[in-house]
Amino acid sequence: MAKITKEKKKHIVLLWVENKPGVLSKIASLCRRRRYNIDSLTVSTSHQPGVSHMTIVFAEEGIKIQQIVNQINKLVEVISIEAVQPKDVIDKELLLLIVKNNQVANRLLKMSRHDVNVRMINTVDRHPVLEVVGEGREIDHVIAEVDMKKDVVKMVKSGLIALKI
Amino acid sequence: MIGADILIKSLLKEKVDVIFGYPGGVTIPLHDKLSNYPQIRHILPRHEQGAALAADGYYRVTGRPGVCLTTSGPGATNLITGIANAHMDSIGMVIITCQVATAVAGTDAFQEVDITGITQPITKQNYFVDDVKDLPRIVKEAFYLASTGRPGPVHIDLPVDVLKAEVVKFTYPKNINLPGYKVPTTAEPKQIQEAIKLINKSARPVALVGHGVTISRATAEVKKLIEKAEIPVITTLLGMGAISDKHPLHFGMLGMHGMAYANYAVHNADLIIGIGMRFDDRITGKIDEFAREANVIHIDIDPAEIGKNTIVDVPLLGDCRQVIAQLNKKVAKKSHREWVKKIKGWHNKTRLSKIKHEGRMQESKHLMTADIVCEIDKQTEGKATIVTDVGQNQMWAAQHFSYSKPEQLLSSGGLGAMGYSLPAAIGAKIAKPKADVWSLVGDGGIQMNIQELGTIMEHKLPIKIMLFNNGYLGMVRQWQELFYDKNYVATKLANPDFVAIAKAYNIEAYRVTTTTQAKKMIRKAAESKKPILLEFMTGPEDNVLPMVPTGNTLRQTIIKRNK
Ligand SMILES: Cc1ncc(C[n+]2csc(CCOP(=O)(O)OP(=O)(O)O)c2C)c(N)n1
């Protein structure tokens, strides 16, 4: 019997959890003590009263995703949990950017396509403010287009939300 | 009626008969009410760690969750080692800590600690009770979670104002609603088929029996399986006794200090059936080469254990007893005479009786713990309940006593917590007064909970305390000898007069230095109806063998040291 070889890819995990105090901290603390690196985590209420939905992304290479799923599933408040493939979900992320000037803004606005939506929503001290909504990988694509030092004043990102279809 | 009554009535609904508790400011309303309920016996340990470990001992011999109770702050933090131990070894336990009032919670009030924050990673579930109306439901859930599925400790933190809240009526819920909690029972038929195929075609199978077999009371089913398909059985430390040592297919314990023949069998097997065990690093040795030629069937109730440390060919998720019963219906009758003969050959060459004398000193000068354990085995006809501490004494106790019943060996397995023996023995004796409880402990470990002699004295608990005084923190010294050139840093003990200490607690005690004396005194202890302590002066530099040094494979088990 050989040691388990490790997988390489981005992992999206979807959870339905009881909306009880401490659930988020339990999941976060479990991931910390078992050394699972969280790339992003979002949580919100859902269509079911008392039940929240979470999307956790583990971007680390070489993790045992089934082991993570099994460990998290042991928490009593976790109703169900599933590791999903990108093709099985609709996923969205929101990116907010304050860019240096109109030139940068225009470059990014041109990137708008069917699955990525770049909009100018404001200006702050003459810096354009952009909102980008799109699939996780599209957002990554937009981020790759900008030079953080030269083009960007500030940037924040929402973390991925995903819905299984 | 107040919240405290609600708690006690809920505990009575759960058939609690003993609480291991220690009072403090915020428990007073609860302790006050306890005096109205003589059905519940309250045992005061002398340190809260003793309460948690006694609750552990209580669970191991009864299979019912042990209950401990402490005050907030330091009372609660003193429990931590016992809770962590329960979490590691799958011990059903309900821990109640009282807490400062909700009005001052979060303000660093006197004796306030965030105890649910602290216990969260070492409990199966924990609760902070905001409202007295939730209390019966929480108690019911706590006992259910503690005792079902993979058992574990459940913690309830109870603010003093909730304890004091006026309540008109007590109603205990009938049902439990935990949508996220699933208890696996039987395995999927398809997987059973796969497992059967592997078992039927295996030429060199080994069943590895762990604590899960004891917890799920699967002894009879496992016996049926191994007898029908002639499968040699090897146990983990906590699996000892789940299958009797005397069973002809039983070939000892595996692991770092397991029997060499057991390790060889595992190393050479072509099929490993892990039953209620978790492939811990202390039993696998170097994981990459563990059972390198074997397919693996893993039976466990905890899905997170399957595939955690090793690749599993056929996972059988479920309760050991039910899953083995499924297998028994389908497994073919088979004989593995050659394989069993081979293991017997290894057994004859590396039997423990041939290697227990690994003393560096002259044999006549010192007693040997292994000999004492054999003598206890002989004089109690193998019927004693053995509660070990941690270290060399633990390994010798595991190796040299012949266990024939589940949970006849109580030991801190996953955590390896020194100080376990005395309080766990107390818990076991209180839970089962008829059990013949022997506490086997080192001179280091006894001093970690020596205050519990007070509990033994108070309740006149006829526990037989066998103290092995080698003048060292023996197991650490052994590693220093073998791997650090005998650089004995921080392991030599300056010891007190243990006999005098025991006597100060009104416990009969003797120092034993010769074999003749040892035999006589062990007989005396076996016949004693009172607490008794024997201090054996053992070889300071005796080593526990066999041994698989960390990072080595089971094949590299050291049997005898080159001198
Ligand atoms: C609470 C705790 N502290 C430290 C250790 C590390 N440790 C493991 S075995 C051991 C030595 C135990 O010595 P002793 O109680 O005299 O028993 P012996 O090994 O000599 O039988 C130590 C210090 C431990 N397991 N538990």
(request) Could you look through the stretch B:281-291, keep only residues that are out of contact with any Phe, Trp or Tyr (no Cβ under 9 Å at 6 or more places or on another chain) and open to solvent by less than 40 Å² (accessible area, probe 1.4 Å), and pick out the one that is farthest from B:VAL209 (Cα to Cα)? (result) B:GLY285
(message) Just to be sure before I move on: is B:LYS434 without any contact (Cβ under 8 Å) to a residue 12 or more places away in the chain, surrounded by fewer than 24 Cβ atoms within 10 Å (Cβ to Cβ) and not small (Gly, Ala, Ser) in the structure I sent?
(response) yes
(request) Mind listing whichever residues of the stretch B:87-109 are more than 16 Å from the ligand (Cβ to nearest atom), within 30 Å of B:ASP280 (Cα to Cα) and within 14 Å of another protein chain (Cβ to nearest Cβ)? (result) B:SER90
(request) Could you check, for the stretch B:197-213, whether at least one of its residues is open to solvent by 30 Å² or more (accessible area, probe 1.4 Å), more than 24 Å from B:ARG555 (Cβ to Cβ) and not basic (Lys, Arg)? (result) yes
(message) Here's a check for you: in the stretch B:418-431, which residue that is crowded, with 24+ Cβ neighbours inside 10 Å and closer than 20 Å to B:PHE468 by Cα is farthest from the ligand (Cβ to nearest atom)?
(response) B:ILE426
(message) Any residue that is open to solvent by less than 10 Å² (accessible area, probe 1.4 Å) and away from the ligand (no atom under 16 Å from the Cβ) - is there at least one of those in the stretch B:361-375?
(response) no
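Let's see how each residue does on (1) within 13 Å of chain A (Cβ to nearest Cβ); (2) within 24 Å of B:THR214 (Cα to Cα); (3) not in a loop (DSSP other than H, G, I, E, B):
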{"site": "B:MET277", "(1), (2), (3)": "no, yes, no"}
{"site": "B:VAL312", "(1), (2), (3)": "yes, yes, no"}
{"site": "B:ARG321", "(1), (2), (3)": "no, yes, yes"}
{"site": "B:ASN328", "(1), (2), (3)": "no, yes, yes"}
{"site": "B:ALA332", "(1), (2), (3)": "no, no, no"}
{"site": "B:TRP339", "(1), (2), (3)": "no, no, yes"}
(request) Would you please name the residue that is farthest from B:ILE456 (Cα to Cα), looking only at residues in the stretch B:482-510 that are under 28 Å from the mean Cα position of the chain (by Cα) and charged (D, E, K, R)? (result) B:LYS492
(message) Among the listed residues B:ALA84, B:ALA142, identify the single one that is farther than 30 Å from B:LYS174 by Cα and within 14 Å of chain A (Cβ to nearest Cβ).
(response) B:ALA84
(request) Evaluate the stretch B:89-97: report whether one residue or more is of a type outside the set (Gly, Ala, Ser) and open to solvent by 10 Å² or more (accessible area, probe 1.4 Å). (result) no
(request) Look through B:LEU410, B:LEU415 and report the one residue that is hydrophobic (A, V, I, L, M, F, W, C) and open to solvent by less than 10 Å² (accessible area, probe 1.4 Å). (result) B:LEU410
(message) Condition first: under 25 Å from B:ALA304 (Cβ atoms) and free of Cβ contacts under 8 Å to residues at least 40 places away in the same chain. Can you find one or more residues in the stretch B:105-117 that meet it?
(response) yes
(message) When the residues of the stretch B:126-158 are narrowed to those that are more than 20 Å from B:ALA52 (Cα to Cα) and outside any helix (DSSP H, G or I), which ends up least open to solvent (accessible area, probe 1.4 Å)?
(response) B:VAL129
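Look at A:VAL129 and say whether it is surrounded by 15 or more Cβ atoms within 10 Å (Cβ to Cβ), away from chain B (no Cβ under 14 Å), part of a strand (DSSP E or B) and not small (Gly, Ala, Ser).
Against the criterion (surrounded by 15 or more Cβ atoms within 10 Å (Cβ to Cβ), away from chain B (no Cβ under 14 Å), part of a strand (DSSP E or B) and not small (Gly, Ala, Ser)), A:VAL129 qualifies.
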(message) Would you confirm, using the coordinates I've provided, whether B:GLU535 is open to solvent by less than 50 Å² (accessible area, probe 1.4 Å) and within 27 Å of the chain's Cα centre (by Cα)?
(response) yes
(message) Can you tell me which condition B:ALA294 does not meet? The list is (1) at the interface with chain A (Cβ under 9 Å from one of its Cβ atoms); (2) surrounded by fewer than 22 Cβ atoms within 10 Å (Cβ to Cβ); (3) among the small types (Gly, Ala, Ser), and all the others hold.
(response) (2)
(request) Select from the stretch A:72-90 the residues that are under 15 Å from A:ILE38 (Cβ atoms) and open to solvent by less than 10 Å² (accessible area, probe 1.4 Å) and list them in ascending order. (result) A:ILE72
(request) At least 3 residues that are within 13 Å of chain B (Cβ to nearest Cβ) in each: list the strands (runs of 3 or more DSSP E) lying fully within the stretch A:33-122 that qualify. (result) A:51-58, A:78-84
(request) Filter the stretch B:297-319 down to residues that are open to solvent by 10 Å² or more (accessible area, probe 1.4 Å) and of a type outside the set (Val, Ile, Thr), then give me how many there are. (result) 10
(request) Identify all residues within the stretch B:379-417 that are more than 17 Å from B:THR369 (Cα to Cα), within 12 Å of the ligand (Cβ to nearest atom) and without any contact (Cβ under 8 Å) to a residue 60 or more places away in the chain; write none if there are none. (result) B:GLY416
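Does the stretch B:466-477 include one or more residues that are more than 9 Å from the ligand (Cβ to nearest atom), outside the structural domain of B:ASP280 (by TED's automatic domain parsing), out of contact with any strand residue (DSSP E or B) (no Cβ under 9 Å at 6 or more places or on another chain) and over 20 Å from B:ARG511 (Cα atoms)?
no
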(request) Tally the residues that are surrounded by 18 or more Cβ atoms within 10 Å (Cβ to Cβ) and under 20 Å from B:THR388 (Cα atoms), restricting the search to the stretch B:472-490. (result) 6
(request) Have a look at B:ASN449, B:ASN487 and point out the one that is away from chain A (no Cβ under 14 Å), within 15 Å of the ligand (Cβ to nearest atom) and among the polar types (S, T, N, Q). (result) B:ASN449
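The values are calculated or read from the model by the stated rules, or taken from the named source; none is laboratory data. Here the structure is a predicted model, which is why all the values come from computation and not from measurement. Quick reminder, even Gly has a Cβ in these numbers, built from the backbone with ideal geometry, and neighbours come from all protein chains shown. Areas reflect the complete protein model, heavy atoms only, side chains present, ligands, DNA and RNA absent. Shrake-Rupley method; radii C 1.70, N 1.55, O 1.52, S 1.80 Å.
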